[in-house]
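Undergrad: Pasting a structure below so you can have a look.
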Amino acid sequence: MLSSNAGQVRKSLSIKVHDNGGGYFISLNVVNNILKTNDRFVVLVPTAEFAVMRTAFNFALPHIMGWDQYTNQPPKSIDENRPEFASEFMAIERDR
């Protein structure tokens, strides 16, 4: 950021609800003042797919940002959420 090109490329991400309520518009805009370009990428994401993305982001982003280290909480695994899962899995494997 201490170069002469600092601040010359601006990126923005926006998420807006579609007018009919059938999904969301995800828009990425990149303005490059060095190359004199303005690129825009827009995708319509259905509501169900957006719900899956939101759930994944809610889990992944705290780990990516390092917030799990700050709060000192280990990530929950499937076995911690459902202890019977391990016993069911072991029974299936034993029967093979």
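The values are calculated or read from the model by the stated rules, or taken from the named source; none is laboratory data. Computed from a predicted model, the values in this text were never measured in an experiment. Quick reminder, even Gly has a Cβ in these numbers, built from the backbone with ideal geometry, and neighbours come from all protein chains shown. Please note that ligands, DNA and RNA were not included when accessible areas were found on the heavy atoms of the full protein model with its side chains. Shrake-Rupley method; radii C 1.70, N 1.55, O 1.52, S 1.80 Å.
Undergrad: Step by step: first the residues of the range 1-36, then only those that are out of contact with any His (no Cβ under 7 Å at 6 or more places or on another chain), among the hydrophobic types (A, V, I, L, M, F, W, C) and under 19 Å from Arg54 (Cβ atoms), then the one that is least open to solvent (accessible area, probe 1.4 Å). Which residue is that?
TA: The residue in question is Ile26.
Undergrad: Further question on the same structure: Restricting attention to the range 43-61, report how many residues are open to solvent by 70 Å² or more (accessible area, probe 1.4 Å) and either touching a helix residue (DSSP H, G or I) at 6+ places or on another chain (Cβ under 9 Å) or closer than 30 Å to Gly7 by Cα (or both).
TA: Let us first name the residues in the range 43-61 that are open to solvent by 70 Å² or more (accessible area, probe 1.4 Å), namely 44, 48-49, 52, 54-55, 57-59, 61.
The next check asks that each one be either touching a helix residue (DSSP H, G or I) at 6+ places or on another chain (Cβ under 9 Å) or closer than 30 Å to Gly7 by Cα (or both); those that pass are 44, 54, 57-58, 61.
So the count comes out to 5.
Undergrad: Please report, ordered by residue number, the helices (runs of 4 or more DSSP H) entirely within the range 45-96 with at least 1 residues that are at pLDDT 60 or above.
TA: Details: elements: 47-65, 67-71, 78-81, 83-95.
Result: 47-65, 67-71.
Undergrad: Taking interchain pairs and intrachain pairs at least six residues apart, which have beta carbon atoms under 6 angstrom, with the first residue in the range 53-68 and touching a residue at least 60 places away in the same chain (Cβ under 8 Å) and the second open to solvent by 60 Å² or more (accessible area, probe 1.4 Å)?
TA: If the second residue must be open to solvent by 60 Å² or more (accessible area, probe 1.4 Å), no pairs are left.
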